[in-house]
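Notes follow the structure.
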Amino acid sequence: MFKYLAYVSRQSHVITNNDLKELLSKSRTRNSEIEVTGMLIYFHGSFIQYLEGKEENIDSLYNKIAEDRRHQSVTEIDSGFSEKRAFSEWSMAFKKLQKDEAFEILGYKDLETAQLFDNYQSPDEHPALNLLNNYVKNL
Ligand SMILES: Cc1cc2nc3c(=O)[nH]c(=O)nc-3n(C[C@H](O)[C@H](O)[C@H](O)COP(=O)(O)O)c2cc1C
């Protein structure tokens, strides 16, 4: 069983593309090491993140993330357990919801938001993703 957890937060100060690049690159390295997958969306100063992996890894990572001073008002929106990962191929899929051609980083794909949810076929298994999906659609 995998644990999943989704939260939303607000940046605490202006975050540049370079800051995001560094955050993503470090996160991807660490997440691969501890087999955490998921997705991070950045939109107008807000973060939405979905994390999945072994329970103890998700809990300790989320504790660290919640204390990270780059963002605030970290609010868990859902968590639970699932048999299958929703994001098996990604150490952390990323979407910045704004056109920005300068933002070219390794692993970044200019996915349409909806495509992030393509490999997510069974809403019942992933209530958090369902929530995120609706949240993103309504942005
Ligand atoms: C919005 C946001 C998302 C983050 N996502 C991850 C992540 O997926 N994986 C990760 O290892 N760190 C992530 N971090 C960074 C962690 O908060 C923390 O800096 C990192 O785990 C290193 O902690 P340590 O050096 O104290 O071990 C994120 C930070 C922010 C602000």
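The values are calculated or read from the model by the stated rules, or taken from the named source; none is laboratory data. Here the structure is a predicted model, which means the values were calculated and not measured. In case anyone asks, the SASA skips ligands and DNA or RNA and just uses the protein heavy atoms, side chains included. Shrake-Rupley method; radii C 1.70, N 1.55, O 1.52, S 1.80 Å.
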Enumerate the amide H contacts of Trp90 below 5 Å, restricted to partners 5 or more residues apart or on another chain; note that Pro and chain-start residues carry no placed amide H. Gly38
Provide Rg over Rh for region 1-71; use the alpha carbon set for both Rg and the Kirkwood Rh (inverse mean inverse pair distance). 0.95
Would you pull out the residues with amide H under 5 Å of Ser12's amide H, same chain only if 5 or more places away, H placed 1.01 Å from N? His71, Gln72
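Ignoring ligands, DNA and RNA, please state the percent of accessible area on region 1-49 from carbon and sulfur, probe 1.4 Å. Write out the running numbers ahead of the final one.
Details: 1210 of 2340 Å².
Carbon and sulfur atoms account for 52 percent of the accessible area of region 1-49.
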